[in-house]
Amino acid sequence: MTSLDRGTSVPACMQVPDWLVGTNAAVTRSVAATARKWAREYFLSGQLPELQLVDPAGLPLLVFSSSDLRPTQRAARLFAVVNFQIRADDVLGPGRHRDFLDAFESHTGQSAWGTFDNVMSGRWPSTFDVVRRRLEQVQPQLETLASTMVVDVGYQARPASVVLESTLNETLTYWDAGEGSPLPERVATALKRMDASSPEEVRERVVSCIMTAAQAIRRVQNREWFTPDRVRDYLTTLGTDAYDALTGCMGNEVASEVYAIDRGVADGEG
């Protein structure tokens, strides 16, 4: 694709939260204020306020901060939601992070923007249930995302569905939904596999994902270590949270674990 002409607006079909629209400074303030408001409401009632969505009306939809080349220009700064949880935690205090995060994704995931953000955010933990929910939420929104242009890395204009698929590609492949099929079919296949999986099958899939990633990631130095038995034994050493975070087979989580294992082997811990 050609680079986005910075003198033209990006057409958008999905609506976005009003607190993500504005200059960089304005959005930073709005995200912090909204996060505190939502956290207070959740702390007091266990509920979240209604999500106010607006038509970005031709403003560019910036997916990553690296594409924010004009901080004083009004835009829909989708990347700014990364600070939402941080500011909410300031209000919630210890012990409420996971519950609030779960409520946040369930609440926002009723919109096309929310389904896109929940996948793109890379929020931890990407457990089996969380990843399945994200895929279930995004499934009916794929047509809207396909007709929504966003600004990707390198200031490139791409359909939101293309950016989404790039993020999900490894995960969908790990769930037997390889490249070559349309995205809606890949998502449907992955969900079918997930729904049919027992806990034992999920564990074996995690083993397979780690082994596959270890052979594909260039920076891995000890590929020969990654055998089925060694990976199975390694998984038994993980705490419940650490293991659960791998069960969704999200590409970033699997890669992170491969790096951790590889460093441990290099340090003589494997």
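The values are calculated or read from the model by the stated rules, or taken from the named source; none is laboratory data. In this text the structure is predicted, and so the values were computed from the model without any measurement. Neighbour counts run over all protein chains shown; Cβ positions are idealised from the backbone, glycine included. Areas reflect the complete protein model, heavy atoms only, side chains present, ligands, DNA and RNA absent. Shrake-Rupley method; radii C 1.70, N 1.55, O 1.52, S 1.80 Å.
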Single condition GLU165 does not satisfy, out of (1) modelled with pLDDT of 95 or more; (2) touching a strand residue (DSSP E or B) at 6+ places or on another chain (Cβ under 7 Å); (3) acidic (Asp, Glu): (2)
Yes/no for PRO56 being part of a loop (DSSP other than H, G, I, E, B) and modelled with pLDDT of 90 or more: yes
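Quick check on segment 116-125. Is at least one of its residues on the phi > 0 side of the Ramachandran plot, in contact with a strand residue (DSSP E or B) (Cβ under 7 Å, 6 or more places away or on another chain) and modelled with pLDDT under 95? Reasoning before the result, please.
Within segment 116-125, the subset on the phi > 0 side of the Ramachandran plot is 122.
Among the residues that remain, those that are also in contact with a strand residue (DSSP E or B) (Cβ under 7 Å, 6 or more places away or on another chain) are: none.
No.
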Meets criteria (under 19 Å from PHE128 (Cα atoms), open to solvent by 60 Å² or more (accessible area, probe 1.4 Å) and polar (S, T, N, Q)) for THR236: yes
Check on VAL10, modelled with pLDDT under 85, touching a strand residue (DSSP E or B) at 6+ places or on another chain (Cβ under 7 Å) and surrounded by 14 or more Cβ atoms within 10 Å (Cβ to Cβ): yes
Odd one out for LEU246, checked against (1) part of a helix (DSSP H, G or I); (2) closer than 16 Å to THR212 by Cβ; (3) not aromatic (Phe, Trp, Tyr): (1)
Restricting segment 145-186 to residues that are of a type in the set (Ser, Thr, Tyr) and crowded, with 20+ Cβ neighbours inside 10 Å, the residue that is farthest from LEU69 (Cα to Cα): TYR174
Selection within segment 117-157 - closer than 30 Å to GLU200 by Cα and of a type in the set (Phe, Trp, Tyr): TRP124, PHE128
Residue in segment 225-235 that is part of a helix (DSSP H, G or I) and within 30 Å of LEU78 (Cβ to Cβ) present: no
Close pairs from segment 215-230: first more than 13 Å from ALA255 (Cα to Cα) and open to solvent by 100 Å² or more (accessible area, probe 1.4 Å), partner part of a helix (DSSP H, G or I) and of a type in the set (Asp, Glu), Cβ under 7 Å, at least 6 apart: GLN221/ASP262
